[in-house]
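Beneath this line is the structure, given in structure tokens, with notes to follow.
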Amino acid sequence: MIKTDITVPKKATAALVMADGKVFFGYGIGKIGTVIGEICFNTGLTGYQETLTDLSYAGQIITFTFPHIGNVGINEEDMESTAPSAKGLIIRENITSPSNFRQESHLNDFLIEHKLTGICGVDTRAITRYIRTHGAQNVAICYFTKKSELNVGVLIEKTNEAPSLKGMELAADVTCAQKHKWDQKKWQLSKGHSKQSDYKFKVVAIDYGAKLNILRCLAEVGCDVTVVPARTSAEEILKLNPDGIFLSNGPGDPAATGKYAIVEIKKLIASGTPIFGICLGHQLISQALGCTTTKMHQGHRGSNHPVQDLYTKNVEITSQNHGFVVTKNALPDDVEITHLSLFDDTIEGIKSKTKPVFSVQYHPESSPGPHDSYYLFERFVEMMENYSR
């Protein structure tokens, strides 16, 4: 039986309540109020702003395992979307005072501006271990001004009633509203973001919740990028006469997004146009080629995940953020595994044996994270060069 008559510590102003009744008390940050989402943890040592603004975190509450969050402040150049879609955050220490020459604002001001509720002063190591043992589950963060505003029993009830990310379609909620061009390149110290003007190939990027640095990397390698909404038909995309098609990352269950996306992706594959996908895009391509996807126990999120390229035998340290994975058993004959996780042997990359199609589960654009896998954007350009002759 779940115990709900819990004594609230004297100085506590926030509570993290798990669906199974486990409660952690701490101090509220960001917007005062209550928020419910699926808990996860991110092991990255840097890049809290990029993480919070990664649209793949839609519907989730992020536990940052690194204790000092806020130390570099917030700046416009490091945004990965126009606004965060994460539900909230959990950190060990109170927000660190920013001390960086690029800072423009304080993290707590950013949280309030974007209506994000969080909790600090909790044992994030214990929370991470709890997630590893019990798996992803819905949780609530309640940031209260009076103890009477906290009702643990009601919060447990609400977290159990809240829908799971399994079966949830979220890409349509975070995709762009209309077709648009993209020409911003990667950030450089003292130069910021420059514009691409030397185009090699026309690429249509399907936006399922794309990180902006992915689009910047495509522009960086010479792509003339047109971004289209998630529900754009194959016919509309092919009318743009692209040399290549890119499928972006995004949130939610790939099987749910696949209900409208797979039929279009199959047409794009049949056209013979080179296709590259990342994260959700990888999962959707895999489904279109006949694979299935499944929800992971705790997911992969962080900037230190080792992946092996099965062709070169090189090991890449990668940035990752996913809670679903392509099922390894009974792969279709046309699908070949190209990359594997060295943490748990899950599929990290595939390609078609008969079509110019490849994809990876991880994030070669980094932001945050190492740049070991940037070559994949260059590989996409090489594929377009080979198929344009």
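Bear in mind that the values in this text are calculations on the coordinates, not laboratory data. Everything quoted here is computed from the prediction, not taken from an experiment. Here Cβ is always computed from backbone atoms with ideal geometry, including for glycine, and neighbour counts include all displayed protein chains.
Toward the positive end of the charge dipole of the stretch 14-161, with +1 on the Cβ of Lys and Arg and -1 on the Cβ of Asp and Glu, the farthest Cα among Leu155, Gly33, Asn100 is that of Leu155. Site pair His180 and Tyr260 shows an inter-label distance of 1.9 nm when each label is modelled 7 Å from Cα along Cα→Cβ. Ordering Trp187, Trp182 by the number of other Cβ atoms within 10 Å of each residue's own Cβ, fewest first, gives Trp187, Trp182.
Taken about its Cα centre, the stretch 171-387 carries a charge dipole of about 440 debye when Lys and Arg each add +1 at the Cβ and Asp and Glu each add -1 at the Cβ. For the stretch 14-161, the Cβ-based charge dipole about the Cα centre amounts to some 620 debye (Lys, Arg positive; Asp, Glu negative; other atoms uncharged).
If you take the Cα centroid of the stretch 197-268 and the Cα centroid of the stretch 9-77, the two points sit 30 Å apart. Dipole of the stretch 171-387 computed with +1 at Lys/Arg Cβ and -1 at Asp/Glu Cβ about the Cα centre; of Gly252, Leu215, Ala172, farthest Cα towards the positive end is Ala172. The overall shape of the stretch 171-387, judged from the alpha-carbon gyration tensor, is rounded, with an a/c ratio under 1.5.
Classify the chain from the C-alpha gyration tensor, please: rounded if a/c falls under 1.5, else prolate or oblate depending on whether a/b exceeds b/c. Prolate, because a/c is 1.5 or more and a/b exceeds b/c. Per-residue ellipticity at 222 nm computed for the chain from its helices equals -6500 deg cm²/dmol, with DSSP H segments shorter than 4 residues left out and the rest contributing -39,500 (n - 2.57).
Shown for Asp173, Asp253, Asp198: other C-beta atoms within 10 Å of each C-beta, ranked fewest to most, produce the order Asp198, Asp173, Asp253.
Is there a quick way to get the dipole size of the chain? I mean about its Cα centre, with the Cβ of Lys and Arg at +1 and of Asp and Glu at -1; what is the value in debye to the nearest 20?
Taking the Cα centre of the chain as origin, the dipole is about 560 debye.
Of all beta bridges DSSP finds with both residues in the chain, what is the antiparallel percent, to the nearest 5?
Given both bridge residues lie in the chain, the antiparallel proportion sits at roughly 65 percent.
Pairs with C-alpha atoms separated by more than 19 Å, drawn from the list Lys87/Lys186; Lys10/Lys146; Lys185/Lys211; Lys313/Lys355; Lys195/Lys239; Lys115/Lys295, are Lys87/Lys186; Lys313/Lys355; Lys195/Lys239; Lys115/Lys295. Counting beta carbons within 10 Å around each of His300, His371 and listing the fewest first gives the order His371, His300.
In this structure, Asp109 and Thr46 have a Cβ-Cβ separation that, at R0 = 35 Å, corresponds to a calculated FRET efficiency of about 0.95. Looking at the square roots a ≥ b ≥ c of the eigenvalues of the Cα gyration tensor of the stretch 50-123, which shape do they give, rounded for a/c under 1.5, prolate if a/b is larger than b/c, or oblate? Oblate shape, in that a/c is at least 1.5 and b/c is the bigger or equal ratio.
Provide the percentage of antiparallel DSSP beta bridges, counting only those with both residues in the stretch 171-387; round to the nearest 5.
60
A dipole drawn for the chain from +1 and -1 charges on Cβ atoms has a positive end, and of Met18, Ala230, Tyr375 the residue lying farthest that way is Met18.
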